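Participant: I'd like to ask you about the structure that follows.
The values are calculated or read from the model by the stated rules, or taken from the named source; none is laboratory data. Quantities reported herein were computed from a predicted structural model and do not represent experimental measurements. Glycine gets a Cβ as well: all are built from the backbone with ideal geometry, and neighbour counts include every protein chain shown.
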Amino acid sequence: METALGILGSQLNMPWLDTLTAIAVGLLICKTEWDIFKQASHELSDGFDVETIFIYRLAINNLDEVKGIKEIKGRNYGNNEVIDTVILVNSTLNIKEAHDIATKVEKVLMDDYGVLRFSCPR
């Protein structure tokens, strides 16, 4: 569109229109470059959407066995999401019972939200 205006302007003896459209095209290119750079730098530095983390936090906290979340982080692995979290459970549980709760959290995130992997640091 801008190119057509520039050509039209030169045909109608308005050379300033070509300059104006060149500036508009240049600004459009700069904006596109900035958007790509911003997204790529966010993903390359393991940035993750805060709203998505909030949704995952709510889903985990909705499980009765989970007493709280100490830490939750997310990152993208290609097109997949990987979530690392430390959950709080009842301290009187044995290891198997606590592990079963972690497995339940993992299943909810994988089945309901398509998370690739759930990691619970040991």
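Participant: Look at the stretch 101-118 and say how many of its residues are within 19 Å of VAL82 (Cβ to Cβ) and either aliphatic (A, V, I, L, M) or part of a loop (DSSP other than H, G, I, E, B) (or both).
Facilitator: 8
Participant: Please specify each residue of the stretch 87-99 satisfying the condition of being surrounded by 14 or more Cβ atoms within 10 Å (Cβ to Cβ) and not β-branched (Val, Ile, Thr).
Facilitator: Within the stretch 87-99, ALA98, HIS99 meet the criteria.
Participant: Within the stretch 43-100, which residues are basic (Lys, Arg) and part of a loop (DSSP other than H, G, I, E, B)?
Facilitator: Within the stretch 43-100, LYS67 is the sole residue that qualifies.
Participant: For residues that are closer than 30 Å to GLU71 by Cβ and among the hydrophobic types (A, V, I, L, M, F, W, C), tally how many sit in the stretch 11-59.
Facilitator: Matching residues across the stretch 11-59 total 10.
Participant: Residue check: is ILE95 out of contact with any strand residue (DSSP E or B) (no Cβ under 9 Å at 6 or more places or on another chain) and not assigned by TED's automatic domain parsing to the domain that holds GLN39?
Facilitator: Spelling it out, ILE95 is indeed out of contact with any strand residue (DSSP E or B) (no Cβ under 9 Å at 6 or more places or on another chain) and not assigned by TED's automatic domain parsing to the domain that holds GLN39.
Participant: Do we find a residue being surrounded by 14 or more Cβ atoms within 10 Å (Cβ to Cβ), among the hydrophobic types (A, V, I, L, M, F, W, C) and without any contact (Cβ under 8 Å) to a residue 24 or more places away in the chain anywhere in the stretch 72-82?
Facilitator: yes
Participant: Oh, and also: Suppose we filter the stretch 2-52 for residues that are at positive phi and either exposed (fewer than 11 other Cβ atoms within 10 Å of the Cβ) or at pLDDT 80 or above (or both); how many remain?
Facilitator: Matching residues across the stretch 2-52 total 1.
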